[in-house]
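Beneath this line is the structure, given in structure tokens, with notes to follow.
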Amino acid sequence: MVENKVLVQFAHPALEHSKVHRRMIRAASNIPGVTINDLYELYPEFLVDVEREKSLLEEHNVLIFQCPVFWYSTPSLLKEWQDLVLEYGWAYGSTGLALKDKAFLAAISAGGGEEAYCPTGRNCYSMYEFLKPLEQTARLCNMRNMDPFIYFGAVGASDAELEFMCHHYRDFLERLTQGYITLDAIERQSGKDRNILDMMKKGEL
Amino acid sequence: MDDSFLYMAFVFLMAAVISVPIASRLGLSSVLGYLVAGVIIGPFVLGFIGEEGEDIMHAAEFGVVMMLFLIGLELQPSVLWKMRTSVLGLGGLQVGLSAAVICAACMVFGMAFKPALAIGLILALSSTAIVVQSLNEKGWFKTSGGQAGFSILLFQDIAFIPILAMLPLLAPEVLDPELVMAAAPAAGGEAVGDPQPAWFVTLKVLVVLGGIVVVGRYVMRYVFRAIASTGISEVFTAAALALVIGVALLMNFIGLSPALGTFLAGVVLADSEYRHELESDVEPFKGLLLGLFFIAVGATVDFNLIFENPLTIALIVLGLMVGKAVVLNILGRIFGLKGAQLWLVTLGLSQGGEFGFVLFSYAGQLEVVSRDTLGLFVAAIAVTMALTPLLFVLYEKVILPRSGSNQSESDREPDEVEEQGSVIIVGFGRFGHLIGRMLRSKGIRPTIMDNDAEHIEFWRNLGFKVYFGDATRHELLTKAGAAEAKLLVITTNQHETNMRILEAAKKHFPKLKVFVSAAGRPETYALMEGGADRVFREYLGTSLLMGIESLQALGVRRFNAHRTAWRLMRYDEEHMQEGLQMWKDRPTYFKRAKERIEQFEEGELRQVAKEVAGDNEAWDPGKFVERTDVELDK
């Protein structure tokens with residue numbers, strides 16, 4: 001029984017050379033209730049089909065951005081997607097209620113370790129700070145923000161580590177669609193920076 | 001092999017090789033080139049060939065037979081069926097009326113009825129060879145005028161044998177029957193003087209024609225398949241030629257015109273899957289034989305006779321052409337031809353034809369017409385045939401531009417270019433129409449011109465205002481608004497035409513920006529040198545799209561394939577300017593081009609290697625400092 005219908009907006013410009021996302025996207029495949037939308041494969045010429053994307057969003061109640069972090073943000077096509085699809089009067093504004101109460105979640109990977117994302121690290125800020133633009137975008141679209149799924153240290157990760165992470169990713173998606181993990185349980189709470197991957201590892205979900 | 005044969009072959013081939021390119025350079029039809037070549041090598045100028053010209057002409061007439069076979073291949077039976085009214089009606093009336101008019105004229109000049117009628121019937125026939133060849137060459141065959149003309153010629157081909165059969169009846173009473181018999185086979189008909197009863201002849205004709213249809217429809221396919229499966233191409237060519245010659249022989253046997261028979265065989269085979277193969281096999285032979293035929297016509301023009309009787313011949317020529325033209329014009333009007341199409345038929349079919357040579361020689365043997373008179377008429381036919389290509393030039397350069405298109409049956413007025421867009425598109429075929437659609441989707445109404453009646457009709461039906469016109473003439477460009485336009489887009493599928501329009505535009509409107517499409521690299525370089533602001537190779541976009549999908553089919557990600565495609569396009573376009581400088585010096589060009597091709601491939605492969613080496617999730621400023629060779633994943 002599918003409780004939550006999940007739309008994975010997947011963006012990776014060079015998947016053929018990716019170690020992390022090739023595995024992750026394979027892990028997310030063939031789960032009842034999960035739709036994968038491979039943006040770079042669909043729109044190599046950056047011509048996002050807005051109407052198609054809108055109706056996809058309407059058919060799902062959980063929106064996941066799965067992508068590597070480039071320059072503290074999403075790959076450019078996913079940004080183009082936001083610019084075009086999240087229209088005024090549809091996604092936001094007084095009549096823009098199409099996405100109201102749907103859940104938003106970021107499933108991202110970062111090359112550096114978590115220790116680089118702190119005031120004393122090279123990146124100065126935590127990943128949660130960098131996710132704020134996305135968080136606010138979702139909020140303006142009347143969506144509910146979920147805790148992110150973050151995989152740190154993608155560079156130099158061993159195969160075993162990657163397999164382990166992907167196992168948790170698949171497990172998470174399966175249980176989310178089946179309703180064993182509720183949206184309430186992973187809803188982002190102010191002041192509490194939680195990583196779903198960590199919670200899965202600890203068996204908290 | 002006999003040296004004199006080789007000598008003759010050499011003279012004829014060289015005459016063709018020299019004269020036809022010159023004619024085509026001058027924008028004239030090849031027919032005129034051949035005719036002039038014939039005159040030059042003939043007995044009255046250089047004298048390379050003498051009296052044998054006439055024999056050669058008879059042999060080369062087989063080119064006409066082949067031409068009709070090829071025309072038949074192009075015509076589906078249903079199309080032919082639709083032409084029946086115009087063949088029988090228009091064709092029948094043309095032959096009947098022209099014969100009557102000419103006969104009457106001859107009698108006015110004091111001839112007896114019988115010879116006058118013979119001359120009338122013979123001169124009523126026009127030249128299939130010259131007319132069809134010219135129509136095909138100019139692309140007018142499919143126009144309504146071209147079709148009407150062809151219908152008439154088809155009827156004349158049918159009428160040839162009955163006329164042949166009638167000539168003995170027109171001979172003086174005291175005629176040696178053996179003379180008739182002796183003359184007949186030489187003229188190519190067995191039916192003449194044939195003692196067989198009428199029902200037998202009819203039966204024979206029906207059986208043979210039915211046989212051609214049945215065999216062509218149901219048997220030839222297996223024969224061709226068997227031959228094709230041997231994979232030896234010359235055997236197929238031999239079979240194609242044997243087929244044409246065989247049908248011609250059969251026709252002689254039953255007393256019908258060989259040209260008509262092979263035409264029928266062509267129509268029967270028009271639906272066959274071997275049609276294109278047959279076409280391409282017979283085509284070169286037809287071309288050479290027809291060329292030979294035209295040269296022979298040129299060579300047989302008897303200038304001695306013409307110089308001795310200039311006035312008489314001029315009178316015959318003028319009378320013949322005017323008389324036939326008047327008849328054609330009246331009939332054309334009755335059968336609904338208008339404007340330029342009417343004039344195409346009027347001027348195009350006003351000459352005497354190659355059948356005239358055959359029939360006159362037969363009539364001479366039968367003493368229907370006296371030898372002296374006969375010579376004058378034969379010379380006059382040759383002159384009218386030689387004049388015909390000039391009439392086609394007159395039609396093309398004077399009448400066609402004035403009357404606009406009028407290719408359709410509707411009472412369309414000559415196209416006045418009424419709207420003037422800031423863009424002019426010339427050539428609205430499969431390439432140009434997309435550009436037009438893009439412009440229109442942005443609210444820009446281009447002025448569109450084309451010289452193909454069918455394109456124009458097609459796009460007009462779809463609501464596009466396409467104008468007929470030859471844009472190589474700067475007057476037409478002016479009318480289309482070239483003086484005020486911002487851009488001229490030239491996309492005809494003919495490089496020569498594109499080049500000429502570009503030249504006209506650059507000469508008369510130097511400020512006008514000109515974009516041109518080109519088929520390949522040589523054309524591109526020529527257009528670049530001709531001053532085009534931008535040249536677009538026609539295949540470029542499509543071949544890249546195909547490359548993208550091919551890569552995709554092999555599992556390459558689309559975004560990756562796209563970027564390679566557009567990088568390749570940019571890379572290749574960059575090379576065009578450099579290539580232009582080197583194009584003339586082939587070794588350097590090829591060396592450099594090879595380098596460029598290798599450079600691109602190496603660059604792409606290096607990119608891949610880099611991307612594999614650096615992990616793409618590795619975007620991280622820290623890592624970048626240490627691994628500068630890792631490119632950002634973009």
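The values are calculated or read from the model by the stated rules, or taken from the named source; none is laboratory data. Model, not experiment: these values are computed from the prediction. Glycine gets a Cβ as well: all are built from the backbone with ideal geometry, and neighbour counts include every protein chain shown. For accessibility, only protein heavy atoms count, side chains too; no ligands or nucleic acids. Shrake-Rupley method; radii C 1.70, N 1.55, O 1.52, S 1.80 Å.
Percent of accessible area on the protein assembly as shown owned by carbon and sulfur, 1.4 Å probe? About 61 percent, which is the carbon plus sulfur part of the accessible surface. Entry note, chain B: the mean residue ellipticity at 222 nm calculated from DSSP H runs of n ≥ 4, each adding -39500 (n - 2.57), is -22000 deg cm²/dmol after division by the residues and rounding to the nearest 500. Residue by residue along A:60-69, Cβ atoms of other protein chains within 10 Å of the local Cβ number 1 on average. Alpha-carbon geometry of segment B:1-49: the Rg and the Dmax are 11.6, 38 Å, given in that order.
Chain B and chain A together bury an accessible surface of about 2500 square angstrom, both sides counted, with a 1.4 Å probe and no ligands or nucleic acids included. If a helix is a whole DSSP H run, which ones in chain A reach 15 Å or further along their own axis (Cα) and hold a mean Kyte-Doolittle hydropathy of at least -1.0? Counting only whole DSSP H runs, the qualifying helices are A:159-178. Could you check how many percent of all C-alpha pairs in segment B:423-538 are farther apart than 24 Å? Everything past 24 Å amounts to 17 percent. What chain B shows is 48 Å² of accessible area per residue, with the surface traced by a 1.4 Å probe over protein heavy atoms. Sorting the Cα pairs of segment B:215-296 by distance into bins of 10 Å, from 0 upward, gives 17, 48, 30, 5 percent per bin. Counting only the Cα atoms, segment A:125-205 fills a convex hull of 109 Å³ per residue. Each peptide among A:116-124, B:318-326 gets the average number of other Cβ atoms lying within 10 Å of its residues, and from highest to lowest they stand as B:318-326, A:116-124. Here segment B:5-403 is treated with +1 on each Lys and Arg Cβ and -1 on each Asp and Glu Cβ, and its dipole about the Cα centre works out to around 1520 debye. Computed over segment B:1-84, the quotient of the alpha carbon radius of gyration and 2.2 N^0.38 Å is 1.42.
Separation of segment B:43-89 from segment A:1-79 is 69 Å, based on Cα centroids. Annotation: amide H-H contacts under 5 Å for residue B:449 (H modelled 1.01 Å from N, sequence separation of 5 or more, or interchain): B:425, B:426, B:427, B:467.
Dipole of segment B:423-538 computed with +1 at Lys/Arg Cβ and -1 at Asp/Glu Cβ about the Cα centre; of B:527, B:425, B:485, farthest Cα towards the positive end is B:485.
Peptides B:62-73, B:454-465, ordered by how many other C-beta atoms sit within 10 Å of their residues on average, highest first, read B:62-73, B:454-465. State, as an integer percentage, the relative contact order of chain B based on alpha-carbon contacts under 8 Å between residues 6 or more apart. Worked out over chain B, it gives 14 percent. Scaled to the globular estimate 2.2 N^0.38 Å, the Cα spread of chain B, given as radius of gyration, is 1.19.
Packing-based ranking of B:488-499, A:157-168, B:108-119 yields B:488-499, B:108-119, A:157-168, ordered from highest to lowest mean Cβ neighbour count within 10 Å. For residue B:354, the shell of other residues with beta-carbons less than 12 Å away shows a net charge of -3, using +1 for Lys and Arg and -1 for Asp and Glu. Neighbouring Cβ atoms from other chains, within 10 Å of the Cβ of residues in A:2-15, number 2 on average.
Structural size metrics of segment A:52-205, computed from C-alpha coordinates, are Rg and Dmax of 15.9, 49 Å. Here segment A:125-161 and segment B:535-605 have alpha carbon centers that stand 40 Å from each other.
Helix B:113-124 and the long axis of chain B differ in direction by around 10°, with both axes built from C-alpha atoms. For segment A:16-44, a drop of 30 Å² or more in accessible area on going from the chain alone to the assembled protein chains (1.4 Å probe) is found at A:16, A:17, A:40, A:41, A:44.
Kirkwood hydrodynamic radius of the protein assembly as shown, from the reciprocal of the average inverse Cα-Cα distance over all distinct pairs: 33.6 Å. Comparing the full protein assembly with the isolated chain, the residues of segment A:149-195 losing at least 30 square angstrom of accessible surface (1.4 Å probe) are A:155. Taken about its Cα centre, the protein assembly as shown carries a charge dipole of about 1740 debye when Lys and Arg each add +1 at the Cβ and Asp and Glu each add -1 at the Cβ. Taking every residue in A:70-76 and counting other chain Cβ atoms within 10 Å of its Cβ, the average works out to 2.
Percent of Cα pairs in segment B:240-370 per distance bin of 10 Å, from zero to the largest separation: 10, 24, 32, 28, 6, 0.
The magnitude of the dipole of segment B:423-538, with charges of +1 and -1 set on the Cβ of Lys/Arg and Asp/Glu and taken from the Cα centre, is near 540 debye.
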